[in-house]
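S.K.: Please read through the structure below; I'll follow up with questions.
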Amino acid sequence: MADTTRKTLLPAKYHDAVVRWRDTFIPDYGFLLDQWDNYFPNKPHFELCAYYDCSVCPNIEVGQDQGKPKFTSAGQMNQEQADHLLKAVKAQASTELGSIQQHRLTLARAEHEQDQVWILRMMAEELRHGYQMFSVLLDDDWKSVATTSGEDMVEEVLNMRTGSHVLGAFNIDFDSFLDNSMFCAVIDRVGKYQLEMQKVSAYRPMSESMPPMLREEAFHMATGVAPLRRWAEQTARGAGTVSMGMMQEAVDKWFPRGLDMFGDERGGGRNVKFGFKPMKNGEAMEAYIQEMQGVVDDINERYVRARFPKLARAEARNALKKLTDGDAFEGLQPDELITLPHKRYFRRRGPHAFLLVDRAGNDMTDFDAFRKEMGRVQPDAYVVNRDYIDYLEKARQVATGELDQVDAVRTMPQLSRVGGACPCSNAVRWVVPESNGNGAVAN
Ligand SMILES: [Fe+2]
Ligand SMILES: [Fe+2]
């Protein structure tokens, strides 16, 4: 850690609550610590704590308050600003913990111990990110905008389970270890964009939280991409267990969720106005799409080079260019490579939400044809999932006019506390929200 970094712990009772949560959802945490020096010999040991990088820009960098000193407490902001920020912090905390619950389902199915240990480290770091957001919540007094105390907000997040998290991508169960890898490569990358943007946050504790989280996020993306590259090279040589087709299906499952996490592409203006982010949702999403295209190109290039090992790198690039232009190369067909689905495909937020659109981005008119097309594209294990079935039903209702598109988006299940504030309750459920906002966060 840089010497401008301040390290803090939560008050003991909250720290202990997070440790108990960790014991439940990362039961292999002890194994990770035992293996740490074998797999990460040059990395300092993991610590469950909050880090604040005090070297961030002290003044507000964008929006209506640009140039003024950053806010150090919620009370310095206007009500709307503080409310917007509080929602973002809570949602961020929820996604951090949400991904741990997803990863643990299929962690044991990794091919190699190294893959498992990398995922375990990533899970521990996500827990630290959640802890960081708890620290941001508990260090301030939110009573100007919150009816619940910091204590209740932390309890609320710790009680969430897959199915009750704020953002859709964190409510989808993993079906195989391929999901662990693709999630890190696709969804954690959205996280990187969000953290990068929040580095400018007008709320100084948020801004100071970002640099250490971003350093960890880079590792999470590598955790995802490394097995994808390996599988591409293995399958090109006729070996391995994961084909390009399987990776394609996983891209088609997760990439639309990544896009949704930016929020409605027409929105995000308030984040900029309030000084919380430098870009609106649509701008950030376009940059992300470009970066994801680079990830896909890299995997394809590795596949081509492994399939034709005699090709020099430049020749492999030329072959790849030919293939992406739609021509075959030495018996390799263009459709054997991975492509990104169109940004209109399989969306749940924004102008394309729940529309009948095929993966090439074309409108479809017949729902049954759309359902078949979806079933053809999406992984078999996923199409029997509640999440997928709910999506299809909503798309059908929008197509028939039974449900307005805006209502379909608005009625996406959201986090809410129901049934009182019993300290041991699991009273956080899927409910229809009062307002869906356009907040965008990630892991
Ligand atoms: Fe992450
Ligand atoms: Fe994270």
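The values are calculated or read from the model by the stated rules, or taken from the named source; none is laboratory data. From a predicted model like this one, the values you see are computed outputs, not experimental measurements. Positions of Cβ are generated from backbone atoms using ideal geometry, with glycine treated the same way; all protein chains shown enter the neighbour counts.
S.K.: In this structure, does Gly238 turn out to be within 20 Å of Arg121 (Cβ to Cβ), of a type in the set (Gly, Ala, Ser) and either modelled with pLDDT of 95 or more or surrounded by fewer than 21 Cβ atoms within 10 Å (Cβ to Cβ) (or both)?
M.R.: So Gly238 fails the test.
S.K.: Assigned to a helix (DSSP H, G or I), out of contact with any Cys (no Cβ under 9 Å at 6 or more places or on another chain) and exposed (fewer than 13 other Cβ atoms within 10 Å of the Cβ): does that describe Asp34?
M.R.: yes
S.K.: For Val272, are the conditions met, namely being in contact (Cβ under 8 Å) with a residue 60 or more places away in the chain, out of contact with any helix residue (DSSP H, G or I) (no Cβ under 9 Å at 6 or more places or on another chain), assigned to a helix (DSSP H, G or I) and surrounded by fewer than 22 Cβ atoms within 10 Å (Cβ to Cβ)?
M.R.: yes
S.K.: What number of residues within the range 104-162 satisfy the criterion of being part of a helix (DSSP H, G or I) and charged (D, E, K, R)?
M.R.: Looking only at that region, the number is 12.
S.K.: Here's another thing I want to ask about it. From the residues in the range 298-356 that are over 25 Å from the mean Cα position of the chain (by Cα), acidic (Asp, Glu) and in a helix (DSSP H, G or I), which one is nearest to Glu233 (Cα to Cα)?
M.R.: Glu301
S.K.: Among the numbered criteria (1) at pLDDT 95 or above; (2) more than 14 Å from ligand 2 (Cβ to nearest atom); (3) under 18 Å from Asp179 (Cα atoms), which one does Glu208 miss?
M.R.: Only one criterion is unmet by Glu208, namely (3).
S.K.: Could you check the range 101-132 and list, in sequence order, the residues that are more than 16 Å from ligand 1 (Cβ to nearest atom), among the aliphatic types (A, V, I, L, M) and within 19 Å of the chain's Cα centre (by Cα)?
M.R.: Leu105
S.K.: Pairs, please: C-beta under 7 Å, at least 6 apart or cross-chain, first residue over 26 Å from Tyr52 (Cβ atoms) and in the range 106-133, second assigned to a helix (DSSP H, G or I) and within 13 Å of ligand 1 (Cβ to nearest atom)?
M.R.: Once the first residue is over 26 Å from Tyr52 (Cβ atoms) and sits in the range 106-133, its partners that are assigned to a helix (DSSP H, G or I) and within 13 Å of ligand 1 (Cβ to nearest atom) give Thr106/Asn180; Leu107/Ile119; Leu107/Asn180; Ala110/Ile119; Trp118/Thr223; Ile119/His103; Ile119/Asn180; Ile119/Thr223.
S.K.: Hey, another quick one. Scan (1) free of Cβ contacts under 8 Å to residues at least 24 places away in the same chain; (2) not in a helix (DSSP H, G or I) for the single condition Phe262 breaks and write down its number.
M.R.: Result: Phe262 fails condition (1) only.
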